[in-house]
Amino acid sequence: MTALTAAIALLVVLPVLSVGVNVFSPGTGGTWAHLAATLLPEYIATTLWLCAGVGGGAALLGVGTAWIVTHFDFALRRAFEWALVLPLAMPAYVMAYTYTDLLQFTGPVQGWLRATTGWGRADYWFPEVRSLFGAVLMFACVLYPYVYLLARTAFLERGNSLVEAGRSLGLTPWGSFVRVALPMARPAIAAGVALVLMETLADYGTVAYFGVQTFTTGIYRAWFSLGDRAAAAQLAVCLLGFVLILLGQWARVRRDGQHRAVAQ
C-alpha cells in the first residue's frame, strides 16, 4: 500500500514538477518581458473579475436552491433535488456554444424579436453573449451544483434544528437563514465555491470561445502560438498562486467553522 500510495502521489505531483522544470528552461528571451509589460495586467484583472462573478453567482444559485429544497415543501420537490445537479453533466464550453447560437444576432431569439417588432439592428439593445459577462453566466449556471450539493448537506445535517431554535427565539424566517443557517453552512459553502473557482481557473474552451483573456488563454498562446514553454510555465505558476490563495482562504473558513462548532 505504501508503494501504491507513493506511485499515486508521484502521478499527482508530476504536472506541478513539470511546470517547475519548464519555468527554468531556456525560452525565446523576451516573451515573458513582453507579456509582463502588455498582457499580464489584463490577465490578472480579467481572472479576478471572472472569479468574483462566478463565485458570487454560483454561491447565490447554489445556496438559494439548497435552502429552498431543504426548507420548503412544494410539488416535485424530490425531483428538483436531483434535477438541480444535472448542469454538472454539461461542460461549460458546450453551454457557451449553445447559448451563443441561440442569442447571437443571427440566432432564433433575436430573429424572432426583429420579426415580431419590425425593429432593425439599430433599434434595440441586446447583451453581447461572447463577453466577460457571458462567461460568468455560463460558468455560474454550470458549476453552481458544487455549492448546492455541499450547502444542501450542511442544511440537512444541522440546519433544521438550529433554524427551529432560532424561530423559537423570535427570529423571522429570513433572520433564521441569515443569522443561523448561513453561518453554520459557511465552511461547506466556501468549499463549494473553491471547487467552482478552481474549475473556472482551469477552463480554456469557454473563455477562448468568448474571447476573454485569462491565464489559461495566455498559457495556451505562449506555448503554442509563441512557442515559449518557459513563459507558459511562468504564467502557470501565477495561476497556481491563485489556486493556493483559494485553498488558504477555504482552510481559514473551515477552521473558523470548526471553532464556532466547538463553541456551540
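Since every read-out is calculated from the coordinates, none of them should be taken as a lab result. The shown structure was predicted, so the numbers you read here are calculated from the model rather than taken from an experiment. No Cβ is skipped: glycine too gets one built from the backbone with ideal geometry, and neighbour counts run over all protein chains shown.
Some points to look at:
- Take the Cβ atoms of residue 34 and residue 13, set R0 to 41 Å, and the FRET efficiency comes out at 0.85.
- Site-free segments of the chain were taken between chymotrypsin sites (Phe, Trp or Tyr not before Pro) in DSSP loops having at most 12 other Cβ atoms within 10 Å, sites themselves excluded; the longest one is 126-264.
- Projecting the Cα atoms of 18, 31, 190 onto the charge dipole of the chain (Cβ charges, centred on the Cα centre) puts 190 farthest toward the positive pole.
- Between residue 102 and residue 172, the FRET efficiency from the beta-carbon distance, with R0 = 41 Å, is close to 0.55.
- Separation in nanometres of the label points that stand 7 Å from Cα toward Cβ, at residue 24 and residue 249: 3.2 nm
- Matching label, percent of Cα pairs over 22 Å apart computed from the structure shown, candidates [x] 67; [y] 61; [z] 52: [x]
- Take the Cα of residue 76, step 7 Å toward its Cβ, do the same at residue 115, and the gap between the two points is 2.7 nm.
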